[in-house]
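The values are calculated or read from the model by the stated rules, or taken from the named source; none is laboratory data. These numbers come from a predicted model, not from an experiment. Note that each Cβ is placed from the backbone with ideal geometry, even for glycine, and that neighbours are counted across all protein chains shown. Just the protein is used for accessible areas: all its heavy atoms, side chains included, with ligands, DNA and RNA removed. Shrake-Rupley method; radii C 1.70, N 1.55, O 1.52, S 1.80 Å.
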Amino acid sequence: MTTDTNKFVIPIGPQHPALKEPANFEFWVDGEIVTGASVRLGYVHRGIEKGAEARTWTQNLYLMERICGICSHVHATAYTLGVEKLAGVAAPPRANAIRQLMGELERIHSHMLWLGVAAHEGGFDSLFMYSWRDRETVMDLLEKISGNKVHYSANLLGGVKFDITPELAAEIHKGLDFLEERNKFYLKVITTDETFIGRTRGIGTMTTEKAEFLGAIGPTARASGIARDIRVDAPYLIYDQFPVKVMTHTSGDLHGRFIVRINETFESIRVIREILDHLPGGELTTRVPRRIPAGEAVSRVEAPRGELLYFVASNGSEKPERVKVRTPSLCNWSTVLSLAIGLKLADMPMLLSGIDPCFSCNDRSVGLKSANQDPQIWSWEKLRQYGIEYYR
Amino acid sequence: MSVGTMISDLLRSLFTKPATELYPYVKTPAPLRLRGKLMWDPARCAGCQLCIKDCPSNAIELIVIDKVNKRFIMRYHADRCTYCAQCVESCRFNCLGMSNKDWEMAAVKKQPFEIYYGKEEDIALFMEQAAKPGTDQSCPPE
């Protein structure tokens, strides 16, 4: 932070009515116009990566799933893909198809949740209620497949737990028809509603060059015209047999992000239908040894918010040596801080929710750095002095 | 989108019943695959303890009464359970399952979450032993 006393700083968070998750933002304002922004993260750091080192490979599957409540399935998928790569086994095609199907259903649920949250931040609560009501449909489908609405736990090391029966497939088709119709309606609303367009069009515009420079990923980057998607660039599961089309938009503003996400929902619906019609036969699981051979593996998947990267290292025992997670929300923060400058303060909630941030995904580690002390160890006395100095 | 559409939508919503379910007065049946309370069949258990090894939340304990005659009691901590069904997958003898009927398990005390499975005489024997001072072999200190 700055020591310039002439600047007027508005702090938002970590506890704030406009934020659903804890993070601390400081906006420097000149009247109503934001002239600078900073963010402090780490309030919901849970030590999951360290915790993973104390659990077996199987137990970690469920720990990784709990990194995020919205995209729990992609976390488990990324982890299983990494472990399977290390163990040298490949899940059967039917298992991969079901994983992909669950992943795409989850994308629909995530994007509809985001649509509601973003509409709510923009003061459009009817759309928020509508989209969350219709989101129940996809959550009910997920519950019918797996038995749980949020943490599906569909993955196993070497396969999946649940099969898709013909009856279930029929129910999914029915649910998708409804969701498609509703999303068409939402697309119409966000492209024709004047108030909504006023709050989104031309706000937070990011050019393709700027998006590349700031390292934006996921739908945020795709709304700025960068056609980058792990599902297409480096197909995993069976995305090579059931490909998706990358949805891009050229406007680069908040409105473009809405359109990209809703178009992605349509694309997910199309892929799910294709998978259901051509579901490969065969087994659901293969055997994975309890001890994973020593080595290192990196797995990448496309989460609803962007690229999710897992690094898994094994020393040949029943427990991993290191599991490193890089979640998409973290990569997009710089775009928010950079785009905030020049906008009105009232646009900040919309701009923040525009990247679909997930704070609990974000908060991976906390580092304390100083030139003259051990960055890891702080004595109580030092911490106390630091606190006194900080608030002086 | 014109204002008129919204008003007609609002008027229609006024006369339709709420979208929410009227639980607990009206109960919708749970889906077939719902993962509720864990169920254990003592007759088929061989005591391999694979379920305990794989449980991510240490929710299951197997207490051995007589190893030779395969007499076990299972102590299941429903409050620790994450309902992931890994134990059901790990079990080679199909003696574990998750109920889709028994899932309304809220309680104000911790005690109802400690569930014992097994033959009645085994549980009675174990409880008798546990009641004696200094012979508590059940729970590791927390």
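Anything in the range A:73-91 that is in contact with a Phe, Trp or Tyr (Cβ under 7 Å, 6 or more places away or on another chain) and either within 13 Å of another protein chain (Cβ to nearest Cβ) or over 20 Å from B:Lys53 (Cβ atoms) (or both)? List them, or say none. Listed by number, the residues that qualify are A:His73, A:Ala78, A:Tyr79, A:Leu81, A:Gly82.
For the range B:29-61, the set of residues classified as assigned to a loop (DSSP other than H, G, I, E, B) and either more than 11 Å from chain A (Cβ to nearest Cβ) or among the acidic types (Asp, Glu) (or both) consists of B:Pro29, B:Lys37, B:Asp41, B:Pro42, B:Ala43, B:Arg44, B:Cys45, B:Ala46, B:Gly47, B:Cys48, B:Gln49, B:Ala59, listed by residue number.
The condition (being free of Cβ contacts under 8 Å to residues at least 24 places away in the same chain, more than 28 Å from A:Thr220 (Cα to Cα) and either within 14 Å of chain B (Cβ to nearest Cβ) or open to solvent by less than 50 Å² (accessible area, probe 1.4 Å) (or both)) is satisfied by just one residue among A:Gly147, A:Gly158: A:Gly147.
Scanning the range A:207-225 for residues that are farther than 10 Å from A:Asn332 by Cβ, assigned to a loop (DSSP other than H, G, I, E, B) and out of contact with any Lys or Arg (no Cβ under 7 Å at 6 or more places or on another chain) yields A:Thr207, A:Ser224, A:Gly225.
Answer yes or no as to whether B:Ser90 is more than 24 Å from B:Ala107 (Cβ to Cβ) and in contact (Cβ under 8 Å) with a residue 12 or more places away in the chain. Yes, satisfied. For the range B:23-82, a residue qualifies if it is in contact with a Phe, Trp or Tyr (Cβ under 7 Å, 6 or more places away or on another chain) and aromatic (Phe, Trp, Tyr), and the qualifying residues are B:Trp40, B:Tyr76. Could you count how many residues in the range A:280-311 are of a type in the set (A, V, I, L, M), surrounded by fewer than 17 Cβ atoms within 10 Å (Cβ to Cβ) and out of contact with any Gly (no Cβ under 6 Å at 6 or more places or on another chain)? Summing the residues that are of a type in the set (A, V, I, L, M), surrounded by fewer than 17 Cβ atoms within 10 Å (Cβ to Cβ) and out of contact with any Gly (no Cβ under 6 Å at 6 or more places or on another chain) in the range A:280-311 gives 1.
Scanning the range B:13-28 finds no residues that are outside any loop (DSSP other than H, G, I, E, B) and in contact with a strand residue (DSSP E or B) (Cβ under 9 Å, 6 or more places away or on another chain). The numbered conditions (1) closer than 30 Å to A:Ser146 by Cβ; (2) touching a Ser or Thr at 6+ places or on another chain (Cβ under 8 Å) are all true for A:Val29 except (1). Being at pLDDT below 85, open to solvent by less than 70 Å² (accessible area, probe 1.4 Å) and small (Gly, Ala, Ser) holds for only one residue in B:Gly97, B:Gly36, B:Gly4, and it is B:Gly4. Take the conditions (1) more than 14 Å from chain B (Cβ to nearest Cβ); (2) touching a residue at least 24 places away in the same chain (Cβ under 8 Å); (3) in a loop (DSSP other than H, G, I, E, B); (4) acidic (Asp, Glu); A:Glu180 misses just one of them, which is (3).
Reported count of residues in the range A:197-206, each being open to solvent by 20 Å² or more (accessible area, probe 1.4 Å) and outside any loop (DSSP other than H, G, I, E, B), is 3. Please indicate, with yes or no, whether at least one residue in the range B:82-91 is away from every other protein chain (no Cβ under 12 Å) and out of contact with any Cys (no Cβ under 8 Å at 6 or more places or on another chain). Within the range B:82-91, none of the residues are away from every other protein chain (no Cβ under 12 Å) and out of contact with any Cys (no Cβ under 8 Å at 6 or more places or on another chain).
If the condition is being charged (D, E, K, R) and either open to solvent by less than 20 Å² (accessible area, probe 1.4 Å) or touching a Gly at 6+ places or on another chain (Cβ under 7 Å) (or both), then the range A:108-134 contributes only A:Asp134. Taking the range A:312-334 as the range and being closer than 21 Å to A:Ile70 by Cα and either touching a Leu at 6+ places or on another chain (Cβ under 7 Å) or open to solvent by 50 Å² or more (accessible area, probe 1.4 Å) (or both) as the test, the residues that pass are A:Lys324, A:Arg326, A:Thr327, A:Pro328, A:Leu330. When A:Arg99, A:Arg94, A:Arg66 are checked against the criterion of being basic (Lys, Arg) and within 14 Å of another protein chain (Cβ to nearest Cβ), a single residue qualifies: A:Arg66. Scanning the range B:105-121 for residues that are among the charged types (D, E, K, R), surrounded by 10 or more Cβ atoms within 10 Å (Cβ to Cβ) and without any contact (Cβ under 8 Å) to a residue 60 or more places away in the chain yields B:Glu114, B:Glu121. In the set (1) at pLDDT 90 or above; (2) more than 18 Å from the chain's Cα centre (by Cα), the condition left unmet by A:His109 is number (2).
Taking the listed residues A:Phe258, A:Phe185, the one that is without any contact (Cβ under 8 Å) to a residue 40 or more places away in the chain and over 30 Å from A:Gly281 (Cα atoms) is A:Phe185, with no other qualifying. The sole residue among B:Val64, B:Val26, B:Val68 that is surrounded by fewer than 10 Cβ atoms within 10 Å (Cβ to Cβ), closer than 23 Å to B:Ala130 by Cβ, among the aliphatic types (A, V, I, L, M) and more than 14 Å from chain A (Cβ to nearest Cβ) is B:Val68. Just one of the listed residues (A:Glu274, A:Glu194, A:Glu267) is of a type in the set (Asp, Glu) and open to solvent by less than 50 Å² (accessible area, probe 1.4 Å), and it is A:Glu267.
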